């Protein structure tokens, strides 16, 4: 039995054990649904969670006399994690391809931004391009991995999803602006307004358990951006990279950086739509969708 099949069997066994308790009352049912929501979110964050653990662990315990640079170890570990996800079929090859694309565009932006002095990687390493160690691209891959996995785990569909060409235009404009704002006007405020206009009627429809739930897409995007900002604070605390203002001592990354992550996360989201096409469902007065009794997705 493969690791994926073993995990599915364990999840089914846990559900069979807990389901009678959840059926005792609405409060029990809501509590169990909330637990499943958290567990699925954590499972979707597997790549990102492992990378954060590696950043913090190596920051605290990496020996100064180690023959391998810490950054180079992080590159090797990130490749091993990605290979393991593919080998165990926890990630699909088509998903890995679009995640790799986001990895590449993220690394290209890193090379440009470090040359501009926006942030620095303070430690030495061999596996790097210019001032950028290669593990940095995997931090962008973590975001793509999360979005691809959450799409499957929660069987995500949409109400009033905008025309795909508009989301691509927004994502490309946001990416280009990360480069051009150093030379011409910064249009990110306009991009925020455009994203609000595109998605203000759009809802995520998802299944944490047996019932479908829905959430305004803009709220979901902002929540994901907030958690990426929290992860960035952990990354800078671990000295994986630092902003110029942090060179004399760590402090929280300014909250306005969340806006940059919001735009980058939109780019990742749009790339993932190459393999997970946004499926639309009609809205109903109760917010339920026609697939409410569909089979529960397993990890």
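Read the figures in this text as sums done on the coordinates, not as results from a lab. In this text, all values refer to a predicted model and were calculated from it rather than measured experimentally. Cβ: placed from backbone, ideal geometry, glycine included. Neighbour counts: every protein chain shown.
Considering just Cα atoms, how many Å³ per residue does the convex hull of region 168-285 enclose?
For region 168-285, the hull spanned by Cα atoms encloses 144 Å³ per residue.
Return the calculated 222 nm mean residue ellipticity for the chain, to the nearest 500 deg cm²/dmol, obtained by summing -39500 (n - 2.57) across DSSP H runs with n ≥ 4 and dividing by the residue count.
-20500 deg cm²/dmol
What value in Å³ per residue do you get for the convex hull of the alpha-carbon atoms in region 1-42?
Roughly 48 Å³ of hull volume per residue.
Compute the angle between helix 164-180 and the longest alpha-carbon principal axis of the chain, please, reported from 0 to 90 degrees and rounded to the nearest 10.
20
Compute the angle between helix 217-237 and the longest alpha-carbon principal axis of the chain, please, reported from 0 to 90 degrees and rounded to the nearest 10.
Roughly 40 degrees, rounded to the nearest 10.
Out of 89, 207, 113, any idea which swings most in a Gaussian network model of the chain, alpha carbons joined below 10 Å?
Judging by the Gaussian network model, the answer is 89.
Read through the labelled values [x] -0.34, -1.32; [y] -0.39, -1.40; [z] -0.52, -1.14 and report the label of the one computed as log10 I(q)/I(0) by the Debye sum over Cα atoms at q = 0.08, 0.16 Å⁻¹ from the structure.
[y]
In the chain, what % of DSSP beta bridges are antiparallel (nearest 5)?
Here the antiparallel bridges make up roughly 90 percent for the chain.
Over the chain, what is the relative contact order in whole percent, taking alpha-carbon pairs under 8 Å and six or more residues apart?
Rounded, it is 25 percent for the chain.
In a GNM of the chain with a 10 Å cut-off on Cα contacts, which of 107, 180, 212 has the highest mean-square fluctuation?
180
Round to the nearest 0.05 the FRET efficiency obtained for residue 239 and residue 185 when R0 = 25 Å and r is the Cβ-Cβ distance.
For residue 239 and residue 185, the calculated efficiency is 0.15.
On C-alpha positions alone, give me the angle between the axis of helix 135-153 and the longest principal axis of the chain, in degrees, nearest 10.
That works out to roughly 10 degrees.
For the chain, modelled as a Gaussian network with Cα springs under 10 Å, which listed residue fluctuates most, 26, 211, 40?
Sorting by GNM fluctuation, first place goes to 26.
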